[in-house]
Amino acid sequence: MSLSGLLRHSASRNVGAFCRQLSGAVTKEKIVTLRHQTGLGLDKCRSALIAKEGNVEEAAAFLKEEAKKYGWAKMEKLSGRQSTQGLLGVIHSDDSQSVSIVEVSCETDFVGRCEPFVELVHSAARTFHKHSRSLLPVGQSVAVGQFDFERMRDMQVDGGSVSLADHLAEFVGVIGENIVIRRGTSITSPLLSSYAHSVSVPARDDCQFSHICTVADLQLLSAETAYSADQKQAARRLCQHLLSMQPEDPGHAMAARPYNLDSVRAAHKDLLAEKFVLDESKTVAEHLEENGLAMGAFFRTQLGQE
């Protein structure tokens, strides 16, 4: 055999050995794991693992970077398409003093329920909740602020080094639909209650998912008592009433503390006279009074609301 023939034979054997070794490194389990981490198809996951010689972490980082690059191009291409489906991500703070609502829309109901999209809504809501107070007026404890995506795009996701805009692009690259973070709403007050009407997507950590949400700004009638579990449940039931009956919205103006009770009762005269939807033996006013509560204002938002 000639020298060139020997070299070709040797090279062929080396390539074959490398392929067999690589095949052992790219297992079915690794492909499935990578797919769960990224939401991408099996073929893309397999190709990434081959490129990174079976290293799942490096393959995941590679795919995310590629998805981000592809996502920016895809976002521009898809930007004109209607996105009327989606979710609200709602986070109510443990101290009941702030509520954050982020609206994320997509094109189809199927995508609106899929795991990658739900994770995007979750991470967007957590990111906005963490940064939203910095957007509100300094020193103002009672406030409502609505912010478009341009005010949110540079927020760092979960305290990392990725902006919310890049995070969105990555998911567009994975999902392949026109996905829009429409707005973030931040509400702060010494005492808030909220109700997010449940959908088929279960809550995740401190984030609830919904298509419609109501927030009520409240005050205890007695300054001598703490906010009890019974009052918290009564306040939540009030928010359910506000959501189901859809009374006229008073303009989201939050009342100064302490309330002028005559003024807030006059502002909500018709609402307070309504039969309480969860117990029609009483009015809304009676429900509030028997639970030691007064309502200063309320805020309602829903998916697709202009």
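The residue of the stretch 92-102 that is most open to solvent (accessible area, probe 1.4 Å), among those that are part of a strand (DSSP E or B) and under 16 Å from ASP205 (Cα atoms), is HIS92.
The C-beta contact set for the stretch 161-173 (first residue more than 13 Å from PRO116 (Cα to Cα) and of a type outside the set (Lys, Arg), second residue open to solvent by less than 10 Å² (accessible area, probe 1.4 Å) and assigned to a helix (DSSP H, G or I), distance under 6 angstrom, 6+ apart or interchain) comprises LEU164/THR127.
Only a single criterion out of (1) at pLDDT 90 or above; (2) touching a Lys or Arg at 6+ places or on another chain (Cβ under 9 Å); (3) under 18 Å from VAL144 (Cβ atoms) is not satisfied by LEU218, namely (2). Against the test of being among the hydroxyl-bearing types (Ser, Thr, Tyr), at pLDDT 90 or above and either in contact with a strand residue (DSSP E or B) (Cβ under 6 Å, 6 or more places away or on another chain) or open to solvent by 10 Å² or more (accessible area, probe 1.4 Å) (or both), the options SER141, SER105, SER132 yield a single qualifying residue, SER105. Across the stretch 107-138, the qualifying residues are those that are outside any helix (DSSP H, G or I) and of a type in the set (A, V, I, L, M), and the one among them that is farthest from the chain's Cα centre (by Cα) is VAL138.
How many residues are open to solvent by less than 20 Å² (accessible area, probe 1.4 Å), in contact with a helix residue (DSSP H, G or I) (Cβ under 8 Å, 6 or more places away or on another chain) and within 11 Å of HIS92 (Cβ to Cβ) if we restrict to the stretch 179-212? Adding up the residues that qualify gives 3.
ALA143 meets all of the listed conditions (1) of a type in the set (Gly, Ala, Ser); (2) farther than 27 Å from GLN231 by Cβ; (3) in contact (Cβ under 8 Å) with a residue 12 or more places away in the chain but one, namely (2). Among the residues making up the stretch 32-51, those that are open to solvent by 70 Å² or more (accessible area, probe 1.4 Å) and either of a type outside the set (A, V, I, L, M) or modelled with pLDDT under 85 (or both) are ARG35, HIS36, GLN37, LEU42, ASP43, LYS44, ARG46, SER47.
The values are calculated or read from the model by the stated rules, or taken from the named source; none is laboratory data. Predicted, not measured: the structure shown is a model, and the values here were computed from it. A quick note on method: Cβ atoms are made from the backbone with ideal geometry, for glycine too, and the neighbour counts reach across all protein chains shown. Surface areas here come from the heavy atoms of the whole protein model, side chains and all, with no ligands, DNA or RNA. Shrake-Rupley method; radii C 1.70, N 1.55, O 1.52, S 1.80 Å.
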